[in-house]
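The values are calculated or read from the model by the stated rules, or taken from the named source; none is laboratory data. These numbers were taken from a predicted model, which means no experiment stands behind them. Glycine gets a Cβ as well: all are built from the backbone with ideal geometry, and neighbour counts include every protein chain shown.
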Amino acid sequence: MAFFVPTEAEHVAPAEVADVELYHPKSWWTRYIFCQDAKVIAIQYAITAGAIGLVALVLSWLMRLQLGFPDSFSFIDPGDYLQFITMHGMIMVIYLLTALFLGGFGNYLIPLMVGARDMVFPYVNMLSYWVYLLAVLVLVASFFVPGGPTGAGWTLYPPQAILSGTPGAEWGIILMLVSLALFIVGFTMGGLNYVVTVLQARTRGMTLLRMPLTVWGIFVATILALLAFPALFVGAVMMLLDRILETSFFMPAIVEMGEQLNYAGGNPLLFQHLFWFFGHPEVYIVALPGFGIVSDLISTHARRNIFGYRMMVWAIVAIGALSFLVWAHHMYVSGMNPWFGFFFATTTLVIAVPTAIKVYNWVLTLWRGDIHLTLPMLFAIAFIVTFVNGGITGLFLGNPVVDVPLSDTMFVVAHFHMVMGVAPILVIFGAIYHWYPLVTGRMLNETLGKFHFWVTFLGAYLIYFPMHYLGFLGVPRRYFEMGETDFIPQSAQTLNEFITVVALIVGFAQLVFLFNLVWSAYKGRVSGRNPWRATTLEWQTPDFPPRHGNWGPTQPVVYRWAYDYSVPGADQDFLPQNLAPDQVTADNRHKDLPDGAVQPAE
Amino acid sequence: MNKGLVVGLVLVLVAVGSVVFHFLSPWWWTPLASNWGYIDDMIIITFWITGVVFVAIILFMAYCVFRYSHKEGRRAAYEPENKKMEWWLTGLTTVGVVGMLAPGVLVWGQFITVPEEASVIEVVGQQWQWSFRYPGKDGVLGTSDPQNISFENPFGLNPNDPNGQDDILIEGDDLHLPLDRPVKVLLRSKDVLHDFYVPQFRAKMDMVPGMVTYFWFTPTRVGTFEILCAELCGVGHYAMRGYVVVEEESAYQEWLQEQPTFAQLSGEARNGTGDVLNPVLSEAAADSAERGSVQ
């Protein structure tokens, strides 16, 4: 290790020092704040995303209180309610899920898992985080401007998003659009890094079809994001122009409250197309990293190779490609030309096939496995349950005739929360329980984790499964209250109260998780290296937890795919990717390694 | 107790509980009041296909967790791929998907094809109320333009269009529809997106300023049904309500006779506030008022 830590006398680096030496951080500021190490950037992303996610969690409590007990909270008025749902949705989708999966897990895992020393453009990578932080701060600022944040719904549909009948039309919408534009700028800097690193910086032997599915999922999701976010970017800029300079990109002639406005000739549907051209790939930007991660969690904790690896890779690629051809299934009742329905119904239902294959292969990996019911495995199983449930309700909404009665009802709310709220969050929890020791060297507390798991999984299911039936009944979404409505029975209100109570309990469980995260960093059981006995490279670094540059003097050489678990003939039930073929059995190892080390040669 | 057994049982409970809830839930769709029984049938088909898959996957997973959970000495099978099984599963999934898609697109074809004999009405949305327009005796809706919208002319009808003079305008009152007659609903908005949604009819469509959208249905049950707005339209969204009254043909005709036409309304407007009207509008209104009185 002397190679890695220059002594005082070596403060002027001689030419023969490896390049990796030259950019090691030298001060506290460059080590922890303006840091170019992807692992530190990942933690910065994760903490920021978690913090803003907490704001969104509190907003969800407020809206649930209003829905469960509509006459009890005089401080919530209809405008506030719309602001809560809007900010909750936008924060969760963009600033939490996208940022955490790509900026958080992407940064931490890509270089380690492909055997690279770091991202290929570390400085741009650092900028990516700081622009993201700026975007979050602009978003938060909208809570404090006159009129408050926008209440246009997370879809921000014009014309109402910029007209006075919607809260936050004064300043909130401007800050929202600016924040989104900044987010996209920041994301692009990070995203280019993730793609180029996967393509260019893989270590020797790490072919594309040896990469762990986690990397595949994040890699393809990043490509989707790089292609999809620009549509949102131009949409945001055009709406800003409509709002500030009174251009009419999205604004036809409008009479608002009896007054003729200064707009003419624009088309509100144009925004919807731009939004969903981004918005549907966005679903997979969140889902694909989840697919990848959950594959690795299941394989590692079931001690069994992922079933049908190549099919899994191609399914990820196929889903990614198809996700650009389905956007208008969000618009069956938007008033677009109804003939589009045939095309988008077909593409939407076709995408179910590769998605179903992924589900089968996860379950078939459990079959004939050696299942360790660890916390990551429990969360992976819970993911499959909620993802299948949310996926099949997508088949309802993807079929235009079924979508007609259900669109804009609570069925839609239940569907997308199950499939892209609960399911990805469960993967994130599983991933945190799995990789926490890699980051901190300690395990998360198991008892607290079990409590967190059961309350979150069963609670979330109890919240969202019955909610679909409110949608069948015809309860529309984004309603401040139902009031006296003929066809709504009193029992529907009872169900709403039940959902609210469960939501508050599930929310509380997340505070327990947060406590566990902090407490275990100091008091958790020391994990030792590779506590899950995993094959992938991130657990095989010379230093544990890995340090800047990841690999010490030499990068690892990869000999095998990421799923050599329980290989017949091998004497341990996992073969790390960098384990040389002549090291597979103990007899061979003893020849080379005097101590017969369990760890592979580095 | 064995961990695999506990987790497996919970999964069984989730699958069985979901099915039991589905059949026992008091929350289900409102009784149908239109011709769109096919839509309900499609939902049932989708429920069966997806429900079977859901229960099968969860129960199989429960079995795996119970049967293959770790104990001393167990070792997982090593089987990277099983092409045959993967193709079988892909094929079966495709069959299931086609089973939903094929009837789905057939019904969609009906949904977007308006029958020849459908009568036309117009629904106009604004923050936060509904207005309705009938074509009147000539059976043709007059043209409209947002630029024409004013206090006196809330529908923005073209005052020079003879087709519009006998249009019947309903503001601040219920929409009436005759039983068992197909109706094509033209949808227009003055300000932001709205969506004309009556749960019992199943059909709905957004209303978009700058465009005229449509859907069609046939009311099949006499009654009064609540109209909701199903597209977020600002702070009053949840309170944007109205009623549709479906009645027998005779009652409908009787009601329709009593409603004012555009010509009558603009005549009244001229008499009340004639000095603010532009000459063209006044002239046309006077003209049509005369014709209206002849009728």
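Kindly indicate whether any position in the range A:102-122 is farther than 30 Å from A:Met331 by Cβ, charged (D, E, K, R) and either out of contact with any Asp or Glu (no Cβ under 6 Å at 6 or more places or on another chain) or without any contact (Cβ under 8 Å) to a residue 60 or more places away in the chain (or both). The answer is yes, given that some residue of the range A:102-122 is farther than 30 Å from A:Met331 by Cβ, charged (D, E, K, R) and either out of contact with any Asp or Glu (no Cβ under 6 Å at 6 or more places or on another chain) or without any contact (Cβ under 8 Å) to a residue 60 or more places away in the chain (or both). If you filter the range A:350-359 down to residues that are in contact (Cβ under 8 Å) with a residue 40 or more places away in the chain and within 7 Å of chain B (Cβ to nearest Cβ), you find that the one that is nearest to B:Leu193 (Cα to Cα) is A:Ala352.
Within the range A:478-492, track down each residue that is touching a residue at least 12 places away in the same chain (Cβ under 8 Å) and more than 8 Å from chain B (Cβ to nearest Cβ). Scanning the range A:478-492 gives a single hit, A:Ile488. Please verify whether the range A:365-377 includes one or more residues that are within 7 Å of chain B (Cβ to nearest Cβ), part of a strand (DSSP E or B) and surrounded by 24 or more Cβ atoms within 10 Å (Cβ to Cβ). Yes, there is a match, as at least one residue in the range A:365-377 is within 7 Å of chain B (Cβ to nearest Cβ), part of a strand (DSSP E or B) and surrounded by 24 or more Cβ atoms within 10 Å (Cβ to Cβ).
Here's the yes/no breakdown for (1) assigned to a helix (DSSP H, G or I); (2) surrounded by 22 or more Cβ atoms within 10 Å (Cβ to Cβ):
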residue	(1), (2)
A:Ala287	yes, yes
A:Ser295	yes, yes
A:Arg310	yes, no
A:Val313	yes, no
A:Met336	no, no
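Residues of the range B:62-120 that are closer than 30 Å to B:Gly37 by Cα, assigned to a helix (DSSP H, G or I) and more than 7 Å from chain A (Cβ to nearest Cβ): B:Leu92, B:Val95, B:Gly96, B:Val98, B:Gly99, B:Ala102, B:Pro103, B:Leu106, B:Gly109, B:Gln110. Restricting attention to the range B:9-29, does a residue exist that is in contact (Cβ under 8 Å) with a residue 40 or more places away in the chain, outside any helix (DSSP H, G or I), surrounded by fewer than 19 Cβ atoms within 10 Å (Cβ to Cβ) and not hydrophobic (A, V, I, L, M, F, W, C)? Checked the range B:9-29: no residue is in contact (Cβ under 8 Å) with a residue 40 or more places away in the chain, outside any helix (DSSP H, G or I), surrounded by fewer than 19 Cβ atoms within 10 Å (Cβ to Cβ) and not hydrophobic (A, V, I, L, M, F, W, C). Here the condition is being under 25 Å from B:His70 (Cβ atoms), within 14 Å of chain B (Cβ to nearest Cβ) and modelled with pLDDT of 95 or more; of A:Trp539, A:Trp532, it holds for A:Trp532 alone. For B:Leu13, the conditions (1) over 23 Å from A:Phe472 (Cα atoms); (2) modelled with pLDDT of 95 or more; (3) within 9 Å of chain A (Cβ to nearest Cβ) all hold with the exception of (3). The set of residues in the range B:16-33 being modelled with pLDDT of 95 or more and of a type in the set (Ser, Thr, Tyr) consists of B:Ser18 alone. Looking across the range A:396-452, the residues that are in contact with a strand residue (DSSP E or B) (Cβ under 8 Å, 6 or more places away or on another chain) and over 30 Å from A:Ile110 (Cβ atoms) come down to A:Val404, A:Pro405, A:Ser407, A:Asp408, A:Thr409, A:Met410.
When the residues of the range B:211-228 are filtered to those that are touching a residue at least 24 places away in the same chain (Cβ under 8 Å) and in contact with a Gly (Cβ under 7 Å, 6 or more places away or on another chain), which remaining residue is nearest to the other protein chains (Cβ to nearest Cβ)? Per the stated criteria, the residue is B:Thr213.
Take the conditions within 31 Å of the chain's Cα centre (by Cα), at pLDDT below 95 and buried (at least 18 other Cβ atoms within 10 Å of the Cβ) and apply them to A:Ser520. Does it pass? No: the conditions fail for A:Ser520. Kindly indicate whether any position in the range A:446-468 is within 10 Å of chain B (Cβ to nearest Cβ), part of a loop (DSSP other than H, G, I, E, B) and in contact (Cβ under 8 Å) with a residue 12 or more places away in the chain. So far as the range A:446-468 goes, no, none of its residues is within 10 Å of chain B (Cβ to nearest Cβ), part of a loop (DSSP other than H, G, I, E, B) and in contact (Cβ under 8 Å) with a residue 12 or more places away in the chain. I'd like to know if the range B:24-41 contains one or more residues that are touching a Leu at 6+ places or on another chain (Cβ under 6 Å) and within 8 Å of chain A (Cβ to nearest Cβ). For the range B:24-41, residues touching a Leu at 6+ places or on another chain (Cβ under 6 Å) and within 8 Å of chain A (Cβ to nearest Cβ): present. Could you go through the range B:40-54 and let me know if any residue there is in a loop (DSSP other than H, G, I, E, B) and crowded, with 20+ Cβ neighbours inside 10 Å. Checking the range B:40-54: not a single residue is in a loop (DSSP other than H, G, I, E, B) and crowded, with 20+ Cβ neighbours inside 10 Å. Considering the range A:255-292, the residues that are of a type in the set (S, T, N, Q) and at the interface with chain B (Cβ under 10 Å from one of its Cβ atoms) include one that is farthest from B:Val212 (Cα to Cα), namely A:Gln260. Screening the candidates A:Ile425, A:Ile381 for the property of being part of a helix (DSSP H, G or I), at the interface with chain B (Cβ under 7 Å from one of its Cβ atoms) and farther than 19 Å from B:Thr93 by Cα yields one hit, A:Ile381. For the range A:245-283, a residue qualifies if it is polar (S, T, N, Q) and in contact (Cβ under 8 Å) with a residue 24 or more places away in the chain, and exactly one does: A:Gln272. For the range A:213-254, give me each residue that is more than 16 Å from A:Tyr157 (Cβ to Cβ), within 14 Å of another protein chain (Cβ to nearest Cβ) and in a helix (DSSP H, G or I). The answer is A:Leu213, and nothing else. Taken over the range A:196-212, residues that are surrounded by fewer than 20 Cβ atoms within 10 Å (Cβ to Cβ) and part of a helix (DSSP H, G or I) amount to 6. All of B:Ala263, B:Ala203, B:Ala251 fail the test of being more than 10 Å from every other protein chain (Cβ to nearest Cβ) and modelled with pLDDT under 95, apart from B:Ala263. Six or more apart or on different chains, Cβ atoms under 8 Å: show the pairs whose first residue is in the range A:392-408 and more than 7 Å from every other protein chain (Cβ to nearest Cβ) and whose second is of a type in the set (S, T, N, Q) and not in a helix (DSSP H, G or I). Taking only residues 6 or more apart or on different chains, the pairs are A:Leu397/A:Ser407. In the range A:326-349, the qualifying residues are those that are within 23 Å of B:Ser189 (Cα to Cα) and polar (S, T, N, Q), and the one that is farthest from the other protein chains (Cβ to nearest Cβ) is A:Asn337.
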